[in-house]
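Report on one structure; see the data block that follows.
The values are calculated or read from the model by the stated rules, or taken from the named source; none is laboratory data. All values reported here derive from a predicted model rather than from experimental measurement. Ideal geometry is used to build each Cβ from the backbone, glycine not excepted, and the neighbour counts take in all protein chains shown. Heavy atoms of the whole protein, side chains included, go into the accessibility calculation; ligands, DNA and RNA do not. Shrake-Rupley method; radii C 1.70, N 1.55, O 1.52, S 1.80 Å.
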Amino acid sequence: GSASNITTVNLTGVTGDTINLVDVLTAVVNGDAGINSFTIALTGAASGNFVLDAGANVNFTGIGSIVFNGGTGAAGDSLVVSGDGMVSGSYTPSAATAGSGTMQIAGGLAVQFTGLEPLTVSNMAAFTFVTPGSEDALTIDNPAAGQNRISGTSNGVPFEALTFFDIADFTIDTAVNDGISPNDSITIDPVGMVAS
């Protein structure tokens, strides 16, 4: 089906369909009680597609934001963002709720999410991880060959871990939201920075 020039589209339990969204302000994707895997594969600054866990293809053009709700079921809902090698992006976890946060990608597309566990980004020109609080405790490890993962807390709130690879310029910004008494630590696993 197709939708265009409307404010919000809610997608729930979509399986095996192809959906085209044009000039929709917000697309809301609701996961079910199972383990949901959301993928955004960017094809340029203004267009792309994401694939739901059941195989639905959703093509979008001119969307202001996408909201992913992982659902209330089993842990393991994931979000994977794969760029086209030219776009840049950023990820800021929620300051109050674990498993929630916001990504900015593809020249202004906002991707908000709740109830997700692993996040993965790849194939971008640049990406910035921004902590939401002033006291950050980060750990960088190596979950797989050629990949690094950032996990930890910001102001005592655990944030959703971010795995990254194939990014030309990766920045960790623990300073932009510093308050009165910032106290940050970053621990790098002995394997080191191995992301391709």
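The C-beta contact set for region 177-196 (first residue of a type in the set (A, V, I, L, M), second residue surrounded by 10 or more Cβ atoms within 10 Å (Cβ to Cβ) and assigned to a loop (DSSP other than H, G, I, E, B), distance under 6 angstrom, 6+ apart or interchain) comprises Val191/Asn142; Val194/Asn142; Ala195/Gln147. Residues in region 129-169 that are touching a residue at least 40 places away in the same chain (Cβ under 8 Å), open to solvent by 40 Å² or more (accessible area, probe 1.4 Å) and of a type in the set (Val, Ile, Thr): Thr139 alone.
Output the residue which, of all residues in region 40-54 that are within 17 Å of Pro118 (Cα to Cα) and surrounded by 16 or more Cβ atoms within 10 Å (Cβ to Cβ), is modelled with the lowest pLDDT. The selected residue is Asp53.
Residues in region 89-103 that are without any contact (Cβ under 8 Å) to a residue 60 or more places away in the chain and crowded, with 19+ Cβ neighbours inside 10 Å: 4 in all. Within region 185-196, the residues that satisfy the criterion of being of a type outside the set (Ser, Thr, Tyr) and open to solvent by 60 Å² or more (accessible area, probe 1.4 Å) are Ile186, Ile188, Pro190, Val191, Met193.
The criterion of at least 2 residues that are closer than 16 Å to Thr92 by Cα and hydroxyl-bearing (Ser, Thr, Tyr) is met by the following strands (runs of 3 or more DSSP E) wholly inside region 107-196: 119-130, 148-154, 162-173.
Taking the condition without any contact (Cβ under 8 Å) to a residue 40 or more places away in the chain and surrounded by 15 or more Cβ atoms within 10 Å (Cβ to Cβ), does Thr120 pass? When the stated conditions are applied, Thr120 does not pass them. Just to be sure, is Ile172 among the β-branched types (Val, Ile, Thr), within 26 Å of Thr39 (Cβ to Cβ), modelled with pLDDT of 90 or more and crowded, with 18+ Cβ neighbours inside 10 Å? Answer is no for this residue.
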